[in-house]
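Reviewing the structure listed below.
The values are calculated or read from the model by the stated rules, or taken from the named source; none is laboratory data. None of the values given here were measured: they were computed from a predicted structure. Positions of Cβ are generated from backbone atoms using ideal geometry, with glycine treated the same way; all protein chains shown enter the neighbour counts.
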Amino acid sequence: MAVQRPLAAIVLAAGEGTRMRSATPKVLHPLAGRPMLAHLVDALVALPIERVLLVVGHRAEQVTAAMQDALDTAIPVDFVEQRVQRGTGDATAVALGAFPEDDGLDEDDVLVLVGDVPLLRPETVAALVAHHRATDAAATLLTTHLDDPTGYGRIVRDGRGGVARIVEQADATDEERAITEINPAIYCFRRSLLAPALRRLTPANAQGEYYLTDVVAVLRDAGHTVGAVAVEDPFECMGVNDRAQLARAEAALRDRINDAWMRAGVTMVDPRTTYIDASVVLEADVRILPNTLLEGATTIASGAVLGPDVRLVDTEVGSGATVSHTVARSAAIGAGCAVGPFVSLRAGTRLAAGAHVGTFVETKNAEIGEGAKVPHLAYVGDATVGPRANVGAGTITANYDGRAKHRTEIGADARIGSNTVLRAPVRIGDGAYTGAGSVVTRDVPPGALAKGVPAEIDEGWADRLDEGN
Ligand code: UD1
Ligand code: MG
């Protein structure tokens with residue numbers, strides 16, 4: 001009969017991660033746009049768990065701040081500092097010190113995990129905990145088989161197939177190094193038995209560290225049961241220690257994210273060249289063409305077609321919009337818009353429904369009205385373009401006078417002629433026209449024509465034009 005005991009998790013993340021050769025602490029290196037440590041904590045807080053304790057040390061402040069920023073969970077996540085990195089056993093002991101001595105809960109279970117296994121799934125941790133409780137073991141660990149076990153601790157089995165001990169790569173004999181069953185460093189312990197076992201560790205090994213892995217032999221020697229649960233998908237247990245492993249983890253995570261979206265009704269013509277951050281949200285019937293990167297808080301509504309060659313960061317795309325060969329950042333693309341090819345939508349761009357932004361156009365802090373068109377070769381910055389207006393090829397909103405930025409306002413149904421320079425601040429009235437090549441330095445009333453350099457203004461132009469027709 002499985003025993004239900006409270007569960008907590010300790011995640012070891014105090015190491016520098018020297019093999020990354022990076023100024024950034026290893027556990028903060030992003031995978032699918034999220035620090036690798038945050039992926040692991042996501043998997044833990046998906047379980048019925050009381051608290052998560054992160055052991056920080058190397059650049060503790062930076063890691064703490066980044067994690068507080070990345071995590072958004074109702075489950076308490078606390079930080080404890082391991083000042084000197086004496087090994088995973090020492091780090092675990094430091095964390096146990098953060099549990100109240102006599103909280104009456106020392107019969108609870110505690111998960112201990114290394115911080116560099118970002119692909120671990122909650123289902124796998126749940127299976128570990130369930131097995132641990134069902135067998136009433138002192139400790140239970142995950143194991144898996146790898147074709148190339150180099151670098152991992154190896155699982156040494158006893159004559160009856162039980163886990164006898166774990167030997168680190170650096171300490172292993174040639175015979176032990178040939179073992180392909182490895183220690184992913186994901187364990188579940190009875191908390192009351194862990195603390196005394198940790199006190200028995202010594203740093204008498206190749207790395208001069210207190211190894212958490214030695215707890216297995218200590219518990220066994222004391223007559224306790226140590227169990228193991230085999231993990232089918234070895235990728236899940238992959239430890240990320242260097243940049244090559246980081247790239248492999250990224251690829252595995254990308255496959256997982258893409259598979260989930262395809263199952264949710266998203267078409268990907270080529271999932272291998274589709275890169276979607278963990279934070280992105282897609283609706284069913286989105287269609288993604290090759291070389292598309294969706295990052296940050298990007299959301300895509302049903303029926304949108306993205307790609308090829310699209311990078312969207314923190315961008316919202318409305319239903320049925322098409323976006324090709326485009327880079328967009330902090331932009332909103334309305335329903336039914338057509339964007340691209342070769343477009344740069346910079347921060348603060350908002351395209352209302354049905355707007356068209358075409359070839360070689362850059363926008364920034366710009367509101368483009370419903371059905372308005374900026375079809376080719378234009379810069380529209382700090383500007384409002386009214387509904388149904390047309391901005392001709394080569395138009396520039398000259399928003400910067402060398403000291404400050406100014407706005408350009410283009411009214412509804414206005415027609416901006418090719419190669420117009422709009423010297424901001426300036427307003428073009430509803431239905432007004434500008435002549436090809438004009439340099440507009442003054443406001444243009446509704447329905448007027450502005451032409452020349454600097455443009456002279458001919459009032460009532462549009463009405464006379466209509467009468468003439
Ligand atoms: C560890 C295991 C190894 C296992 C592998 C799985 C030990 C001794 N070895 O080796 O059996 O196969 O993980 O990926 O446990 N850390 C601290 N404080 C320290 C030292 C490390 O918090 O004093 C943290 C690191 O930040 C890291 C984790 O513990 O997140 C593991 O450390 P790492 O150096 O990556 O251990 P491995 O050599 O990978
Ligand atoms: Mg490691």
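A few points about this structure:
- Test: residue in segment 265-282 that is of a type in the set (Gly, Ala, Ser), out of contact with any strand residue (DSSP E or B) (no Cβ under 8 Å at 6 or more places or on another chain) and more than 16 Å from ligand 2 (Cβ to nearest atom): yes
- Scanning segment 253-264 for residues that are surrounded by 16 or more Cβ atoms within 10 Å (Cβ to Cβ) and either within 16 Å of ligand 2 (Cβ to nearest atom) or of a type in the set (A, V, I, L, M, F, W, C) (or both) yields 253, 257, 261.
- Failed criterion for residue 216 (all others in (1) in contact with a helix residue (DSSP H, G or I) (Cβ under 7 Å, 6 or more places away or on another chain); (2) hydrophobic (A, V, I, L, M, F, W, C); (3) within 22 Å of residue 85 (Cα to Cα); (4) within 13 Å of ligand 1 (Cβ to nearest atom) hold): (1)
- Residue 454 at pLDDT below 95 and either within 19 Å of residue 328 (Cβ to Cβ) or in the same structural domain as residue 343 (by TED's automatic domain parsing) (or both): yes
- Each residue in segment 225-237 was checked for being within 15 Å of ligand 1 (Cβ to nearest atom), assigned to a loop (DSSP other than H, G, I, E, B) and over 34 Å from the mean Cα position of the chain (by Cα), and 0 of them qualify.
- Residue match in segment 41-48 (condition: at positive phi, buried (at least 17 other Cβ atoms within 10 Å of the Cβ) and without any contact (Cβ under 8 Å) to a residue 60 or more places away in the chain): no
- Among the residues listed as 72, 108, the single one being surrounded by 15 or more Cβ atoms within 10 Å (Cβ to Cβ) and modelled with pLDDT under 95: 108
- Cβ separations smaller than 7 Å between residues 6+ apart or across chains give the following pairs from segment 235-257 residues that are touching a residue at least 40 places away in the same chain (Cβ under 8 Å) and closer than 14 Å to residue 124 by Cβ to residues that are part of a helix (DSSP H, G or I) and β-branched (Val, Ile, Thr): 236/124.
- Hits in segment 285-324 - residues which are touching a Lys or Arg at 6+ places or on another chain (Cβ under 6 Å) and in a loop (DSSP other than H, G, I, E, B): none
- Scan segment 204-230 for residues that are within 16 Å of ligand 2 (Cβ to nearest atom) and either outside the structural domain of residue 161 (by TED's automatic domain parsing) or of a type in the set (A, V, I, L, M, F, W, C) (or both) and the total you get is 2.
- For first residues located in segment 12-24 and within 19 Å of residue 81 (Cβ to Cβ), partners that are of a type in the set (Lys, Arg) and near ligand 2 (Cβ under 9 Å from one of its atoms) and lie 6+ apart or on another chain with Cβ distances below 8 Å form the pairs 15/26; 16/26; 17/26.
- Of 258, 241, all but one fail to be farther than 27 Å from residue 291 by Cα and touching a helix residue (DSSP H, G or I) at 6+ places or on another chain (Cβ under 9 Å); the exception is 241.
- The set of residues in segment 218-272 being small (Gly, Ala, Ser) and under 25 Å from residue 130 (Cβ atoms) consists of 222, 223, 227, 228, 230, 239, 252, 260.
- Positions within segment 7-19 being at pLDDT 95 or above, buried (at least 20 other Cβ atoms within 10 Å of the Cβ) and within 16 Å of ligand 2 (Cβ to nearest atom), in sequence order: 10, 11, 12, 13, 14
- Output for segment 199-224, where each listed residue is in contact with a Phe, Trp or Tyr (Cβ under 8 Å, 6 or more places away or on another chain) and assigned to a loop (DSSP other than H, G, I, E, B): 201, 202, 203, 205
- Checking 424, 432 one by one, the residue that is buried (at least 20 other Cβ atoms within 10 Å of the Cβ) and more than 40 Å from the chain's Cα centre (by Cα) is 432 and no other.
- Failed criterion for residue 210 (all others in (1) within 17 Å of residue 152 (Cβ to Cβ); (2) of a type outside the set (Gly, Ala, Ser); (3) within 13 Å of ligand 1 (Cβ to nearest atom) hold): (1)
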